[in-house]
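Every number here is computed from the coordinates shown, using simple stated rules; none is lab data. All values derive from a computational prediction rather than experimental measurement. Note that each Cβ is placed from the backbone with ideal geometry, even for glycine, and that neighbours are counted across all protein chains shown.
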Amino acid sequence: MDKGLTPYLLTFAPVIMFIAFMTGPDDVRGQGYIDWLKGQDLNMMVGGTILVTVGAIMMFGGWFVLTQDMMAKSNKTEQDLLMLSRVALILPLTLLLLSTGMDMESWWLVNEGEPDYFTVEEEEAIALNNHNVSSYIWGTMPITWALGLILIGVAALMGDKKDKHSAQWVFAAPVVTGLGLIGAYWSEPLWLFFMIALVISLPIGIMMLMGKLDYLYSEEAE
């Protein structure tokens, strides 16, 4: 059957996101962040912004369209879980794009500026404030992202197809990753689970391309 864009989004979005994060700043604060902004040219900043935007929409959009694919063969409880997962995934998508936009705005302020309204010192102070705000608004991102992954995984694992289709157990990975994000909240392993959350769609996308998960959403496969 025609699998649409779903497996391609799930497979290639993590690659784009990793490339995008490589163009972003390391964990720098204060003058280090200002120096990083001054060292970036316009093309680098615009390219990074486009990559993050495209990658984020592909990544979270991949989960969205997967839940849509799964709706047809889901019971009411599973459909409710899938709908709730979409609600949970809206916030991390929004925060990620907002944070990226604030970095772009800070670059423009530091390198181009508003000389008629602000001094150089004021422009750098505003850029630092933007960076601090964009860093701290991520506070709820791991929780909502985790809930979205857990809900999708639980919905996929429900039902009586696990004995017949062992490939269904691949959806235990989003559940474990989501629990890890919540369990490691504000501790050092959080970034490990954050990186895993970026790539956890990859095995699902590959298995969909191989036809291993057709039974989850295809009316033609049982």
Loop-exposed chymotrypsin sites (Phe, Trp or Tyr not before Pro) per DSSP, neighbour cap 12 Cβ within 10 angstrom, longest uninterrupted part of the chain
1-116
Near the amide H of LYS212, under 5 Å away, which other amide H atoms are found, from residues 5 or more places off or on another chain, if H is placed in the peptide plane?
none
For the chain, what number of Lys pairs, 8 or more residues apart or on separate chains, have alpha-carbon atoms under 22 Å from each other?
15
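Which order do SER135, SER201, SER166, SER74 fall in if you start with the one that has the fewest other Cβ atoms within 10 Å?
Ordered by Cβ neighbours within 10 Å, fewest first: SER166, SER135, SER74, SER201.
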Scaled by the rule-of-thumb 2.2 N^0.38 Å, the alpha carbon Rg for segment 6-217 gives a ratio of 1.16
Cα centroid distance between segment 1-20 and segment 76-139, in Å?
24 Å
Using only the alpha-carbon atoms, how far is helix 172-183 inclined from the longest principal axis of the chain? Give it as 0 to 90 degrees, nearest 10.
40 degrees
